[in-house]
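The values are calculated or read from the model by the stated rules, or taken from the named source; none is laboratory data. The model shown is predicted, which means the values in this text are computed figures rather than measured ones. All Cβ positions, glycine included, derive from the backbone under ideal geometry; neighbour counts span all protein chains shown. Side chains included, ligands, DNA and RNA excluded: accessible areas come from the protein's heavy atoms. Shrake-Rupley method; radii C 1.70, N 1.55, O 1.52, S 1.80 Å.
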Amino acid sequence: MSIFNLKSSISSAERRLSGHDPQKQRTSRRQRSDRGGSRLDLAVRAHLDLLMSGYAQPRMRDVCTKISAHCLAHGLKVPSRATVYNYRTIAKTTPVVSSLLPPEVRSCLYNLEGVVTVPAHQLVFHCLNYGNIRAMSFAASMPWLALFQAGRMRGWRPKSRGLLDAIERGRAQT
């Protein structure tokens with residue numbers, strides 16, 4: 001008998017690739033039904049949105065202190081510090097109605113027609129990547145959360161990304 005048994009190798013590969021390995025089914029755990037979604041209570045999310053809204057970025061230590069005091073006062077589960085930090089990336093930014101935007105900013109949204117709502121972070125991304133100086137100035141005046149979330153997006157041009165970094169650094173100094 002040789003060490004290379006082609007038939008058994010093919011049959012084990014078929015079992016692995018078909019996803020019906022009986023041994024794996026016994027040892028694998030069931031996935032959570034809420035996988036991929038936030039497990040934060042709606043009231044906690046609403047209060048976090050309130051704490052994180054505004055022009056200037058709040059100190060995260062203060063946000064954690066205030067949210068824990070709010071949760072204890074209302075009998076809610078206190079989120080961990082990491083959860084509060086991670087919430088910044090998924091928090092809902094205020095949607096902006098395209099018909100209320102200046103014409104320079106509307107021209108950056110090249111693929112939208114009519115009256116639509118655009119998430120603020122998407123608007124910052126398009127203004128800094130595709131806009132003129134007026135659109136860039138408009139983006140620089142957006143709330144900090146929109147700038148933060150726009151910075152997490154992919155597809156930045158290097159000079160535009162540098163401009164976003166400069167805006168965020170300038171805000172941190174004030």
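Across the stretch 89-174, the relative contact order, built from alpha-carbon pairs under 8 Å that are at least six residues apart, equals 28 percent.
Angle of helix 42-52 to the longest C-alpha principal axis of the chain, folded into 0 to 90 degrees and rounded to 10: 50°. The portion of the accessible surface of the chain made up by carbon and sulfur, rounded to a whole percent, is 54 (1.4 Å probe; DNA, RNA and ligands excluded).
Only Cα pairs under 8 Å and 6+ residues apart enter the sum, and on that basis the relative contact order of the chain stands at 18 percent. Length gained on full extension, residue 15 to residue 171: 50.5 nm, using 0.36 nm per residue less the C-alpha separation. Here are a few candidate values for mean projected area of the Cα convex hull in nm²: [x] 10.4; [y] 12.2; [z] 17.8. Which one was actually calculated from the structure I just gave you? Checked against the structure: label [z]. The calculated FRET efficiency for residue 49 paired with residue 107, based on their beta-carbon distance and R0 = 22 Å, is about 0.15.
Computed with a 1.4 Å probe over protein heavy atoms only, the accessible surface of the stretch 36-102 comes to 64 Å² per residue. Over the chain, DSSP H runs of length four or greater, each weighted -39,500 (n - 2.57), average out per residue to a 222 nm ellipticity of -18000 deg cm²/dmol.
The angle between the Cα long axis of helix 158-173 and the longest principal axis of the Cα atoms of the chain comes to about 60 degrees, rounded to the nearest 10. Taking every protein chain into account, the accessible area of the stretch 107-147 amounts to 48 square angstrom per residue (probe 1.4 Å).
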